[in-house]
1. Using the Karplus equation 6.51 cos²θ - 1.76 cosθ + 1.60 (θ = phi - 60°), what ³J(HN,Hα) coupling, rounded to whole Hz, does each residue of the range 487-496 give in order, writing x for Gly and Pro?
2. Viscosity 1.567 mPa s, temperature 4 °C: Stokes-Einstein D of the chain from its Kirkwood Cα radius, in µm² per second?
3. Which order, highest average first, do 494-502, 451-459 follow once you tally other Cβ atoms within 10 Å for each residue and take the mean per peptide?
4. Run the numbers for Asp321 and Ala223: contour at 0.36 nm per residue of separation, minus the present Cα-Cα distance, in nm.
5. If amide hydrogens are placed 1.01 Å from N in the peptide plane, which non-local residues have theirs closer than 5 Å to the one on Ala300?
6. Can you figure out the FRET efficiency of Ala174 with His147, using R₀ = 22 Å and their beta-carbon distance, to the nearest 0.05?
7. How far apart, in nm, are two points set 7 Å out from the Cα along the Cα-to-Cβ line at Met289 and at Ala355?
8. Could you work out the relative contact order of the chain? I mean the mean sequence separation of Cα pairs under 8 Å and 6+ apart, divided by the number of residues, in percent.
Amino acid sequence: MPGAATLLRDVFGFDAFRPGQEDIVTAVARGENVLAIMPTGGGKSLCFQLPALLRDGVTVVISPLIALMRDQVRALREAGVEAGALTSGNTEEETAAVWDALEGGRLKLLYIAPERLAAGSAMGMLRRIGVSLIAVDEAHCVSQWGHDFRPDYLRIGELRRALDVPLAAFTATADAETQAEIIEKLFDGQTPQTFLHGFDRPNIHLAFTPKESPRRQIMDFAAARKGQSGIVYCGSRAKTEGLAKALCDSGHNACHYHGGMEAEDRRAVEARFNSEDGLIVVATVAFGMGVDKPDIRWVAHADLPKSIEAYYQEIGRAGRDGAPAETLTLFGPDDIRLRRSQIDEGLAPPERRMADHGRLNALLGLAEALECRRTTLLGYFGEQATPCGHCDLCDTPPETFDGTQPVRKALSAILRTEERFGAGHLIDILTGNATDKVRERGHDTLPTFGVGRDLERRTWQGVFRQMMGHDLVRPDPERHGALRMTEAARPILRDEQPITLRRDTLVSKTRRPAAKA
Ligand code: ADP
Ligand code: ZN
């Protein structure tokens, strides 16, 4: 759907669709009747808000909760979308403004409380304003047997018939009876296009590994899968070229792909990848839209993706045929620093930056997870799962240790040096390494000097990375590399809350037994 990806980014500020969203958006924008069942928190509102922008005319949104409607309207307006609500909670000015925008033909989304539909005038008004789509949030409220039954929802079917426009219904309730009732009451028994996806892709093996020497780690991963089609995602254009060359030099069929290439060259790579067997494409995230290949056997991330959504979308390109596929994501403190600074230096308004940090935190939480990755990943998208037996942490549960004392020592080193230094210098202080820089600044006289001699430098690096991953410390956007403590670290510093860390010092090889070549 042209334009959808651009709107997703520019209006909603998201870098990738969540599982299921893209297909739903496409169907709704095309004007099909849709029933979409997604878990709570899965991102349903985007599935009608984005199509509303792609379609002419007004999208009417019916939603049972006034507070929720007002929230959505506020967020849309902040993003520059003309949206309004007609609810009993409105002030007169608000209602007048909505009418103004409607009369002026500017309004794109009109939220209406279901009880409004009971008033005869509403129907006439909706007929006049050029409605092109009805979206029904919490569609299970139409079910008389459910506990959320709203009698006014029964009028929605009537509204659809009167306006004769497509209807998209959304709910998190998946049982068959409720579905049948929704179809009966909202769609007059005509089965709409129905989306009920679990988000799980059980054939995809999930794995993360701390970055050590990324090129070698990716080369090892690829070597164990020689002759299979795969994608390596890199954080920069230059890196794609270097890595593709290294792969070719060691006998792989590989090429690079990034947004800086001529359109013609990019299309050529896409065509080759789709038709050839066993090609490796080393790419930036620009690679993906034109890719339609069911038998991609592996996806590796040489650098940490932007968010948990981007991660899911990128690994999701593997194994569409349902046959086993493998993934590996490398991550390290530099990635975290880079992703944080991209957010901080971006032009997005403060709330959006906060949300971006949150989505990055979710990915870091997944990277540093101590138990089943799939459970963590699906949990983020609102889906429950049991340990999968098909991720690196299920294969080999990580050794953990009580990290409370080392973390407290590290935090205290950060505070005693006034949050002005990066991990390298802090580790020098902790391990009692009296470098010139340490001595010049008198840090060899701090009480924290040498208190961390019991751990190796390498372990300390892991501790700092995990502290960043748990969002206990963040790089200071004003001071390159310097780490600042976050609020989340306070209870640990005060010894009110323990923290468990992974003892991943032995990371020099990918943890999984290599697949057959
Ligand atoms: P639901 O209605 O399904 O419970 P929402 O529409 O309220 O879920 O979305 C839940 C959260 O997910 C919101 O904070 C929203 O901003 C976020 N979200 C939705 N789509 C995306 C996406 N593609 N990328 C990142 N975050 C998203
Ligand atoms: Zn698992």
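Please treat every number below as a calculation from the coordinates, not as lab data. Everything numeric here is computed off the predicted structure, so don't read it as measured data. Here Cβ is always computed from backbone atoms with ideal geometry, including for glycine, and neighbour counts include all displayed protein chains.
1. Computed from phi, the couplings for the range 487-496 are 4, 4, 7, 4, x, 6, 4, 7, 6, 9 Hz.
2. Answer, rounded: 51 µm²/s.
3. By packing density, highest mean first, the sequence is 451-459, 494-502.
4. Using 0.36 nm per residue and subtracting the Cα-Cα distance, I get 33.0 nm.
5. Under 5 Å from the amide H of Ala300 lie the amide H atoms of Ile231, Val232, Tyr233, Leu328, each far enough along the sequence or on another chain.
6. 0.90
7. Rounded to a tenth, the inter-label distance reads 2.1 nm.
8. So the answer I get is 13 percent.
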